[in-house]
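First up is the structure itself, then whatever we jot down about it.
FYI, it's all coordinate maths here, none of it is from the lab. A quick note: this is a predicted structure, and the numbers were derived from the prediction, not measured. Methodologically, a virtual Cβ is constructed for each residue, glycine included, from the backbone with ideal geometry; neighbour enumeration extends over all protein chains shown.
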């Protein structure tokens, strides 16, 4: 049951008044950047569109500059807009901006456990452990490349089974992408028709969609109020609980036949470390942290990559001349018989440029994940008190006209030099730069290249409407930019 805007606003005001009277507001030392004047309790809510939060923030930057303060309810957040501001903070002062900021929709579930939403020494130790363990199980090596190639062939077979009939690729792409991280974390892949696996992926998809809607944005601004209001945001936490149970069940299964001398996957390695440190009351290796870390890896290793691939299909159908050039490069470098491999990439500058441009253009996580400063931090002419929330507008970096020519247009030339060789750009930040760069960035790059080139090696993508009618604007935008649901045909080449 939806609520009228007036009723919702009134409830927000009343709840915030109670919170304010209980907490007497927050007091911050330091010198925060100027910004729009907040209303008591509501902050700058009336100047923001929860359905397009990043666009509202970008619009405000035109008035207040690339660094300004916005109040989300009673919480002041420093907004960084444009390449230069984001680079100065997240790259040049990486240590100072390396904490995770407040993100209530995730915190209610994680309670600060896991890698993505922990801070301080806990985060450093867990991240170091995860990086080393993932590396030991093939991340960045030929073994994980072979795993992706195998799953890409499974996806091709599923596409072939459609027989040229229209279909929505969402489910099949999610299953293929998710199986790669499942092999590393759970030590196995799942059959595409496994009911538990399908339920799990449905929960992930639904959560990503709701968290990218106005409901997810409003929850992050007014979490205590939204806990009492009806709406689809409550499904997030029911789904989270089902995900927790699924992961916990897999962990119990691992415990039954664990061999400390021969760990099979990430869960085994974590369980071994738990046993080694079970007498240490300060250890960060315990069951709750294992569940949350596994969830972080599973969620992060499924949603953004699968969504990027679905958006890639749409864009290539929207611009058939681009798809034709990619097909030509695949035919010339790889041919029709052998599977694409990562070594091909250096010989495919146009395809590489297309993949980079797709990620720039869609700006999958337009606001990144919130950061916080680790200490009282001088930044430009301001002093950000320790713990200040920071919103790095990654979409504003990817659409910065000082870095990309005509950034609102899709143009692979953004990543090609005058000799038609691939050229990188420091303003390409889909995985967020600095100390908090996505743990699975390397894996995602491998998957996007191998899955997409394998599909295009075998098929041409046929839209059900004319290219001019294909709508690339997101279905919803918040945590992520999600493409509108679509169907297409795949025809054998």
Per-residue [θ]222 nm for the chain (sum of -39500 (n - 2.57) over DSSP H runs n ≥ 4, rounded to 500): -15500 deg cm²/dmol
Relative contact order for the chain, counting Cα pairs under 8 Å that sit 6 or more residues apart, in percent: 25 percent
Peptides 314-325, 473-484, 121-132, 444-455 ordered by average Cβ neighbours within 10 Å, highest first: 444-455, 473-484, 314-325, 121-132
Gyration tensor (alpha-carbon) shape descriptor, the stretch 347-440, a/c threshold 1.5: prolate
From the coordinates shown, mean projected area of the Cα convex hull in nm² corresponds to which of (i) 25.8; (ii) 24.3; (iii) 28.7: (ii)
By average C-beta atoms within 10 angstrom, highest first, the peptides 169-180, 93-104: 169-180, 93-104
Value of relative contact order over the stretch 289-361, rounded to a whole percent, pairs C-alpha under 8 Å and six or more apart: 30 percent
Taking the stretch 64-130 and dividing mean pair separation by its residue count, relative contact order in percent (alpha carbons under 8 Å, at least six apart): 17 percent
Stretchable slack from residue 468 to residue 487, in nm (0.36 nm times residue separation minus alpha-carbon distance): 5.3 nm
Shape category assigned to the stretch 275-394 from the gyration tensor of Cα positions, a/c cut at 1.5: oblate
